[in-house]
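A.B. asks: Take this structure first; my questions come after.
What follows draws every value from the coordinates through simple rules; no lab data is involved. Being a predicted model, the structure only gives us computed values, none of them experimental. All Cβ positions, glycine included, derive from the backbone under ideal geometry; neighbour counts span all protein chains shown.
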Amino acid sequence: MPLIADIHFTPNAAEIAARIVEKVRVNPGNYADKKSFKNIDYTDSEYDQELDRIREKFTPLVKICKEYGTALRIGTNHGSLSDRIMSRYGDSPLGMVESALEFIRICESENYYNLVLSMKSSNPKVMVQAYRLLIQKMEDEKMFYPLHLGVTEAGGGEDGRIKSALGIGALLEDGIGDTIRVSLTEDPEFEVPVALSLVNRYKKRGNHQDIKPLDVLPYNPCEYTKRQTIEVSGIGGNNVARVVADFSKRTFIPRNALADIGYFYNTDIDKWNMNDSTADIIFLGDNVPNFDLPTGLKQVYNYSTWKKNKGKSIPLSTAEEYLKSEELSPDVNFVLVRIADLDDILLSKLKNEKTTVIILESENLHAMPEQRRVFCELLFRDIPNPVIIKRTYKNITPEDFILFSSTDFGALFIEGFGDGVWTECTFVEKEKPDNVYIKNFVRNIESSEKTINRILFGILQAARTRISKTEYIACPSCGRTLFDLQETTDLIKKKTEHLKELKIAIMGCIVNGPGEMADADYGYVGSGINKITLYKGKEIVRRNIPALNAVESLIEIIWENNDWQEPNSE
């Protein structure tokens, strides 16, 4: 079994390990540099001198690896970019890539090529952009090294799986990646099944339907730019992505079923209450409820049923119905579109019809790239209609639904595509759920609509498209962790999960902590055995306090900085 030594800060340890193990991983951000969040204005000459310093520190390791046949992974982490790189290239995917390229060039100057590269970030959008940019830069310099994929500090439970699948899956969809690591704030044996599910999905992908290739890409895949659309009844434009709940398969819809998608009816005052993960649209198919739905919940019916129950509802038409119909809603119309429907007649009508929202479907085994191809066609034709991405999953386990839907929707949203999400899904159970985080809905304690609604909101959160809850940046368990990471993370979540505008980092040690939590608003970092250092942004606020009182101290700091809100009692 090959061994890999993961080294931070200590070149002498790397040089010893390289004589013993099969691979050494070094982080360019802290192998020969330090991070103190200072901005330094380098001249070209001064920067060249810094590169000479890096070369002097790094070359001994390269020579040892070459002598002993040891592989080397140059692993850039977004959160630990050095002051030197940040000052030169900014806090960006370009900075991540250049940080690695500097070390690669030193290796190649020594005729050493036994390299693997990684570009990890806790933000999947940044991570995907960095890998794509790295490939471009490597091709420019005739470099062809394998890539190791991972979303670092992803956290645990559903959120950790969603973030991991979004970043890793988006790259696997395009054939990028040679090895992967799923990092969860859980016992390490729970990481491998997630990784296997992500990888095994592509074993039979080669049999997919052909997708017409592009000569020119109408957007930059290494930079995020949201596709500009018109607004149609609160969908598209500058609005956040909308979530569709599908109740069309139910034969009867009781009033309390809407609690599964965030609507709670108070009989005493005859009023609907909502939470932060409330669906915006409900698809009812041919089912007409026998009660008044919440005012803000848009109702969608199949076209034939809509004609009998127009009111304030929305018709859903097939492309054929849409083209032939003499009667459409004057306000908003949904039309199902697949890539095969895209002829000049339909595209022309869409472009001229300002009340139409496209519901984009695909039956291709390789559906995400096919749907992306449709978005490219819309860009080429300057068609500004908003698009709700729809996917169907049949006989899927809840675990795989989390991973596959995160990949399929998230890969499009991090490229700026999509104004809403909609999925049809039929679940099958696993006999033995993998761990405690997924037992609740595997056992059918909750409805499929509730599960789907929660996961869709989680995907939009991970894609940084719609924020509905507190975001946690938490490292995986390892030997350096100085407190019970899982227990502490759960406790902090219970205390702060209502602070939906905040990002809170929970880091096990000072090796990765201060760097990897640089994107967070507040940080809880292990600094000694049962000792915690608390951060506000990048600044230390309280140092080496007892772990017993550290969670309450974190809440005090949040309160002192006017970021605390009392939980909603409803």
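A.B. asks: Could you tell me how many degrees, from 0 to 90 and to the nearest 10, lie between the Cα long axis of helix 191-200 and the main elongation axis, the longest principal axis, of the Cα atoms of the chain?
C.D. replies: Helix 191-200 sits at roughly 60 degrees to that axis.
A.B. asks: How would the range 471-560 be classified by its alpha-carbon gyration tensor: rounded, prolate or oblate, with rounded meaning a/c under 1.5 and the a/b versus b/c comparison settling the rest?
C.D. replies: Rounded.
A.B. asks: Okay, next question. Enumerate by residue number the chymotrypsin sites (Phe, Trp or Tyr not before Pro) in the range 19-115 meeting two conditions: DSSP loop (anything except H, G, I, E, B), and at most 12 other Cβ atoms within 10 Å of the site's Cβ.
C.D. replies: Details: sites: Tyr31, Phe37, Tyr42, Tyr47, Phe58, Tyr68, Tyr89, Phe103, Tyr112, Tyr113; in loops: Tyr31, Phe37, Tyr42, Tyr112, Tyr113.
The qualifying sites are Phe37.
A.B. asks: Tell me, what is a quarter of the convex hull surface for the C-alpha atoms of the range 4-203, in nm² with one decimal?
C.D. replies: Mean shadow area of the hull around the Cα atoms is 11.4 nm².
A.B. asks: Three principal axis extents, largest first, for the C-alpha atoms of the range 111-192, in Å?
C.D. replies: So the extents along the principal axes, rounded to whole Å, are 41, 24, 18.
A.B. asks: Out of the range 181-223, which GluC sites (Glu not before Pro) are coil in DSSP terms and have no more than 15 other C-beta atoms within 10 Å?
C.D. replies: The qualifying sites are Glu223.
A.B. asks: Taking the 0 to 90 degree range and rounding to the nearest ten, how far is the long axis of helix 398-413 tilted relative to the main principal axis of the chain, both from C-alpha atoms?
C.D. replies: 90
A.B. asks: Out of all DSSP beta bridges in the chain, what portion is antiparallel? Express it as a percent rounded to 5. Please report the intermediate quantities before stating the final value.
C.D. replies: On the way: 17 of 74 bridges.
That works out to approximately 25 percent antiparallel.
A.B. asks: Can you give the calculated 222 nm mean residue ellipticity of the chain, where each DSSP H run of n ≥ 4 adds -39,500 (n - 2.57) and the sum is split over every residue, rounded to the nearest 500 deg cm²/dmol?
C.D. replies: Taking each H run of at least 4 residues, the total per residue is -10500 deg cm²/dmol.
A.B. asks: Give the shape of the range 167-270 as rounded, prolate or oblate, defined through the alpha-carbon gyration tensor: a ≥ b ≥ c are the square roots of its eigenvalues, a/c under 1.5 means rounded, and otherwise the shape is prolate if a/b is larger than b/c and oblate if not.
C.D. replies: Oblate, because a/c is 1.5 or more while a/b does not exceed b/c.
A.B. asks: Convert each backbone phi in the range 370-376 into a coupling constant with the Karplus relation 6.51 cos²θ - 1.76 cosθ + 1.60 (shift: θ = phi - 60°), then list the ³J(HN,Hα) values in order as whole Hz, x for Gly and Pro.
C.D. replies: With the stated coefficients, the range 370-376 comes to 5, 5, 4, 4, 5, 4, 4 Hz.
A.B. asks: Can I ask one more? Amide H neighbours of Arg73 under 5 Å, counting only residues 5+ apart in sequence or on other chains, H built in-plane at 1.01 Å?
C.D. replies: Amide H to amide H, under 5 Å and 5 or more residues apart or across chains, Arg73 pairs with Val24, Arg25, Val26, Val116.
A.B. asks: If we restrict to alpha carbons, what Rg and Dmax does the chain come to, in Å?
C.D. replies: 25.3, 79
A.B. asks: Separate question: What is the set of long-range amide H partners of Ser317 at a cut-off below 5 Å, with H atoms built 1.01 Å from backbone N?
C.D. replies: Under 5 Å from the amide H of Ser317: Phe334, Val335, Leu336.
A.B. asks: Stokes-Einstein diffusion coefficient for the range 242-399 at 10 °C in a medium of 1.306 mPa s, Rh from the Kirkwood formula over Cα pairs: what value in µm²/s?
C.D. replies: Using the Kirkwood radius from Cα pairs, D works out to 93 µm²/s.
A.B. asks: Hey, if you put +1 on the Cβ of every Lys and Arg and -1 on every Asp and Glu Cβ in the range 4-203, which of Val128, Asn39, Ser183 ends up farthest toward the positive end of that dipole?
C.D. replies: So the residue furthest toward the plus end is Ser183.
A.B. asks: Which aspartates and glutamates, on any chain, are close to Lys536 with Cα under 16 Å apart, when same-chain ones fewer than 8 places away are left out?
C.D. replies: Cα-Cα hits under 16 Å: Glu471, Glu501, Glu516, Asp519, Asp521, Glu552, Glu556, Glu560, Asp563.
A.B. asks: Okay, next question. Could you work out how far helix 93-109 tilts from the main Cα principal axis of the chain, as a 0 to 90 degree angle to the nearest 10?
C.D. replies: It is inclined by approximately 40 degrees.
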